[in-house]
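Enquirer: Supplied in structure tokens, the structure appears directly below.
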Amino acid sequence: MEQLLIKIGQNFFLIFGVIALGGATTMIFAKNAVHSVMGFLLSMLAVAGCYLSFGAEFMGVAQLLVYAGGIVVLFLFVVMLVELSKAKEKGLFQRQTPFALALVLAGAVAFVGVFWKTLFGASAREALTLAPGLVAQGEKLGNAQMVSRGLFAEYLLPFEILSVILLVALVGAVVLAKAERV
Amino acid sequence: MPTPTLTQSLVIALLQAILVVVFIFVVVPLTLYAERKVLGYLQLRLGATRVAGSLTGLTGFINRNMWKLGKVPMLSYWRGIVMLVGDILKMILKEDILPTKADKFVFFIAPAISFCASVIVFAAISFVPGTLFTLPAWVPIIGGLPVSGAIGDVNVGLLWILGVASVGVYGIVLAGWASNSKYPLLGGLRSGAQIVSYEVPLTLSLLAPVVMSGSLQFGEISRGMAVGLPFWGIVPQFLGFFIYLTCGFAETNRLPFDMPEAENELVAGFHTEYSGMKFGFFYLAEYINMVVVAALASAFFLGGPWLMPFGLHGLLNPFFSAHLPALLVPFLCQPHAIFFVVKIIFLLFVYIWVRGTIPRYRYDQVMAIAWKYLIPLTLVNLLLAAAVRYCCAV
């Protein structure tokens, strides 16, 4: 019993990963757009589970809060309000297929090229981090404290530049919406 | 103290989960009953009295005579409680109608999402710091082990609560869509938009306790706001408490913000097509969400499981331990889950009180309150919290 539970505990990542893949598959192959969004939601929840199984609790819960709780809701709203007619939908996706296939293949080749060694050999000795000092601090501090120290003390400027990119997207949305109304 | 093995800790977690579910299923029906009665008294009537009231036997004898004397019999105050059984039986036994054109799977899963999200939130809520009780040695697998006051008082507990609660919106929106009918769709979208909007000021108002206690762990925030400051959290955070409670009312779709159930506009909102126990799950989810909001408010602003307000711990505890009987001392001076539950129940009463007092807002007013007034107020409140933190944390 004890051994079995420990075994399950060690393989949580695998379990959640399979669920996430299942959700993603549903999202792609579902006939109905709302079912697709539900598959996407399942996938996002399972990815949060993956983060939690690695002990990255802040990351996992932020995933839950931002993606599952915020962004997918917006997806759902848009899909429910702007219901595309079936014919239009088909035409759109058929034109995309060759490009999408080519891109996915290129992505897969790049991924396997980079991770070939770790996929079938021994894993890397040390985790790839930008600031090894933070990892040492993380042993003492909590997960959330470590992330915030990284974001607001060590990498404040890059972080703020990233938020400017988000601002650009916001301004762009306002401009587009305004142009339509006038 | 022995370290529990993995099996033992899982069994303890299961026990705690059962305790939480029992707590929910005791508090929620009683809230339903209290809602009828308190609302009745607020509107100068008796509330539910007539169901299953007997005119025979001793009870009937007292009742009849008191009525004759022109008084409301004391026993009739409790008579409506039998109505609860009727309510529950009705939900379970009523025919479960599935609309022909509904999306069957989504229609089926939507109440489950709503209900599960509201229950899972309790995983991170800490009822009392440390140990709730220690199991006696004769219990089979887990004898002699302590049961802590929280299922998992994790490092990011508050974020967990907010994250899981925000998943509950899907239940409402998907229910509206899956019914394949106009009113539910509009109701679902409307309450979805309302919940998503009010999540912003809700989260911002909960940021103030986080700033003041310097932690995201539920028990730690609760401790910081109750005894870390020289007074309960509500004193420096009165504005925050008010904003939080307002947003909590809107999040749980209660009056004066019960947009999805504005009958004159939307029939019954997102659950128009639901009946039987599927509707029952939405109903339960609403009341469980109320309990969650009340739990957060009482833990962060009303001192949580600590009884003594206003820094009286240091002053009164030596006095109590010197003069009171030994039985009472640990009860009064230490945090206790009962105080936490009593505060939750008081806040549930406030819910009903507000429902009986304040009229419903119009939809555009609801949105204006969230975006134009509450969000700027929360930012001011956050500055206030930072100032208090700066002054108090020497």
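What follows draws every value from the coordinates through simple rules; no lab data is involved. Bear in mind the structure is a predicted one, so any value in this text is a computation, not a measurement. Neighbour counts are summed over all protein chains in view; Cβ atoms, including those assigned to glycine, are modelled from backbone coordinates with ideal geometry.
Enquirer: Which whole number gives the average, over all residues in A:24-36, of C-beta atoms from other chains lying within 10 Å of the residue C-beta?
Expert: Per residue, the average neighbour count from other chains is 1.
Enquirer: What order do you get for A:E160, B:E220 when you list them from fewest to most C-beta neighbours inside 10 Å?
Expert: With the sparsest Cβ surroundings first, the list reads A:E160, B:E220.
Enquirer: Let me ask you something else. Averaging the inverse of every distinct alpha carbon separation and then flipping it gives the Kirkwood radius. What is it for segment B:157-264, in angstrom units? Each step should come with its number before you reach the end.
Expert: Numbers: mean 1/r = 0.0658 Å⁻¹.
Here the Kirkwood hydrodynamic radius works out to 15.2 Å.
Enquirer: Now a separate question. Just rank B:Y390, A:Y155, B:Y373, fewest to most, by other beta-carbon atoms within 10 angstrom.
Expert: So the ranking, lowest neighbour count to highest, is B:Y390, B:Y373, A:Y155.
Enquirer: Please compute P(r) over all alpha-carbon pairs of segment B:96-392, binned at 5 Å starting from zero, and give each bin as a whole-number percent.
Expert: 1, 5, 11, 14, 16, 15, 12, 9, 7, 5, 3, 1, 0, 0, 0
Enquirer: Please give the average number of partner chain Cβ atoms lying within 10 Å of the Cβ of each residue in A:38-45, rounded to a whole number.
Expert: 2
Enquirer: Hey, which of these cross-link pairs are over 26 Å Cα-Cα: A:K7/B:K278; B:K37/B:K372; B:K68/B:K90; A:K178/B:K182; A:K31/B:K94; B:K37/B:K68?
Expert: Correct reply: A:K7/B:K278; B:K37/B:K372; B:K68/B:K90; A:K178/B:K182; A:K31/B:K94.
Enquirer: Work out the FRET efficiency for A:L21 and A:V78 from their Cβ-Cβ distance, taking R0 = 22 Å, and round it to the nearest 0.05.
Expert: The pair A:L21/A:V78 has a calculated efficiency of 0.35.
Enquirer: Now for a separate question. What does the charge count near B:V211 come to, summing +1 for each Lys or Arg and -1 for each Asp or Glu among other residues with Cβ under 14 Å from its Cβ?
Expert: Working: positive: B:R389; negative: B:E220.
Taking every Cβ under 14 Å from that of B:V211, the sum is 0.
Enquirer: Using a 10 Å cut-off around each Cβ of peptide B:151-157, what is the average number of partner chain Cβ atoms that fall inside? Please list the in-between numbers first.
Expert: Values: counts 0, 0, 0, 5, 8, 12, 2.
The per-residue average across the peptide is 4.
Enquirer: If we count other beta carbons within 10 Å of each Cβ, what is the order of A:L166, B:L6, fewest first?
Expert: Least to most surrounded, the residues fall as A:L166, B:L6.
Enquirer: Follow-up. With no solvent and one equal point scatterer placed on each C-alpha of segment A:1-85, evaluate the Debye formula and give log10 I(q)/I(0) for q = 0.16, 0.19 Å⁻¹, two decimals.
Expert: -0.66, -0.83
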